[in-house]
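FYI, it's all coordinate maths here, none of it is from the lab. Keep in mind that what you see is a predicted model, and the values were worked out from it rather than measured. Cβ sites come from the backbone with ideal geometry, for glycine too, and all protein chains shown count toward neighbours.
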Amino acid sequence: MMLSHALRRESPVVTIESEDIVEVSLLKRRPGCTGMFWRADPTLTALLENNNNWPRDGAKLRGKVVTVDGAKWLLASEVLNMGQDWVKAPRGAAMPFEYNNHYYLELSKNDVEEA
């Protein structure tokens, strides 16, 4: 049985990929939902403040990339939903790079070229 970090007593294994802020797009592989609610910071550094401004399909996000217990995450700092301006993400907002073979994050072209 897999327990969430909140229920486990040991700290997650965290690797900071880079201190650079990257930009990603929220994309999906199949029809379904219209976006993805924020996930809590898997590094356990900050509690998720709220679920305001959650990313809708096609949104762009900015933040730092970390790997937690082998899974790649974006610790979000900003979100840009279609037709809106950039807004700050809630404190503690995170997004997995892959979710249930449905949603995934793709690095922007500029960030891919620099990598």
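Of note:
- Loop-exposed GluC sites (Glu not before Pro) per DSSP, neighbour cap 11 Cβ within 10 angstrom, longest uninterrupted part of the chain: 20-115
- Residues Arg56 and Ile16, FRET efficiency given R0 of 41 Å [Cβ-Cβ distance, rounded to 0.05]: 0.90
- Stretch gain in nm, segment Met82-Asp69, where the contour uses 0.36 nm per residue and the Cα spacing is subtracted: 1.5 nm
- For Ala59, the shell of other residues with beta-carbons less than 15 Å away shows a net charge of +1, using +1 for Lys and Arg and -1 for Asp and Glu.
- Each Lys or Arg adds one and each Asp or Glu subtracts one; over the other residues with Cβ under 14 Å from the Cβ of Arg29, this totals -1.
- Each residue, Phe97 and Ala40, gets one label point 7 Å from its Cα in the Cβ direction; the gap between the two is 2.4 nm.
- The 3J(HN,Hα) values that the Karplus relation (6.51, -1.76, 1.60; θ = phi - 60°) gives for the range 80-87 are, in residue order, 10, 7, 3, x, 10, 8, 4, 10 Hz. Gly and Pro appear as x.
- Magnitude of the charge dipole, the chain, Cβ model with Lys/Arg +1 and Asp/Glu -1, debye to 20: 500 debye
- Karplus (6.51, -1.76, 1.60) ³J(HN,Hα), θ = phi - 60°, over the range 68-79, in Hz, Gly and Pro reported as x: 10, 6, x, 9, 8, 10, 10, 8, 6, 10, 8, 9
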